[in-house]
Amino acid sequence: MSAKRYLIVNADDLGHSSAVNRGVMRAHDHGIVTSASLMVRWPAAVEAAEYARNRPGLSLGLHLDVGEWVYKDEHWTPVYNVVPLDEATALRNEVFRQLAVFRTLTGRDPDHIDSHQHAHLREPARTVVLEAALESRAPVRDCTQEIRYCGRFYGQTAEGSPM
């Protein structure tokens with residue numbers, strides 16, 4: 001007998017802007033998006049959390065935002081950095097701060113944790129995020145063996161160009 005399988009279609013960047021929220025909301029309301037990752041640092045996060053509270057069928061995770069980069073002149077360059085990515089203490093403080101904001105906005109723990117532009121996959125962020133995940137009992141994208149992550153449907157190439 002084979003194990004049950006589930007397809008989770010996750011939309012990142014919920015809360016980034018009202019326009020992003022509308023897109024995620026429409027995709028969920030029309031049946032394709034089953035999960036979303038909430039960015040709590042952006043002004044539209046309150047609107048997004050309110051929407052999610054009224055949609056029990058939408059799994060909601062924390063989309064950690066520690067920076068953003070663009071591909072320019074054959075290099076990734078920062079658009080902004082929330083904290084230095086090589087400073088574990090600063091990362092830990094920010095990750096747990098964003099987790100606390102998530103809890104305040106939603107009234108619960110996240111169903112999963114991931115990060116903007118996959119920043120959580122590099123050390124020391126990976127260790128810090130796994131610590132937060134253990135405390136909140138949430139799986140981490142591309143770090144939890146029981147959940148297979150497939151990012152081939154991402155909207156950009158490896159160089160940041162739109163698909």
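Of the labelled figures [x] -0.60, -0.84; [y] -0.51, -0.79; [z] -0.62, -0.95, only one reflects log10 I(q)/I(0) by the Debye sum over Cα atoms at q = 0.13, 0.16 Å⁻¹ as derived from the coordinates, namely [z]. Each Lys and Arg Cβ is given +1 and each Asp and Glu Cβ -1; about its Cα centre, the chain then shows a dipole of about 640 debye. I'd like the FRET efficiency for residue 26 and residue 137, computed as 1/(1 + (r/R0)^6) with the beta carbon distance as r and R0 of 35 Å, rounded to 0.05. Using R0 = 35 Å, I get an efficiency of 0.70.
Here the Gaussian network model covers the chain, with springs between Cα atoms less than 10 Å apart; of 73, 142, 29, 73 fluctuates the most. The GNM of the chain, with springs linking C-alpha atoms under 10 angstrom apart, assigns the highest mean-square fluctuation among 53, 148, 108 to 148. For the residues 49, 11, 19, a GNM of the chain with alpha-carbon springs under 10 Å puts the largest fluctuation on 19. Ranked by the mean number of other Cβ atoms within 10 Å of their residues, highest first, the peptides 61-69, 117-125 come out as 61-69, 117-125. In the context of the full protein assembly, residue 42 retains an accessible surface of approximately 70 Å², using a probe radius of 1.4 Å and ignoring ligands and nucleic acids. Please figure out what share of the DSSP beta bridges in the stretch 1-145 is antiparallel and state it in percent, rounded to the nearest 5. Looking only at bridges with both residues in the stretch 1-145, the antiparallel portion is about 35 percent. Note on the stretch 1-146: dipole from Cβ charges, positive end direction compared against 82, 119, 10; the farthest Cα belongs to 10.
The values are calculated or read from the model by the stated rules, or taken from the named source; none is laboratory data. Note that the coordinates shown come from a computational prediction; the quantities given were computed from them, not determined experimentally. All Cβ positions, even for glycine, are placed from backbone atoms using ideal geometry, and neighbour counts span all protein chains on display. Remember, those area values only see protein heavy atoms, side chains included, never the ligands or the DNA or RNA. Shrake-Rupley method; radii C 1.70, N 1.55, O 1.52, S 1.80 Å.
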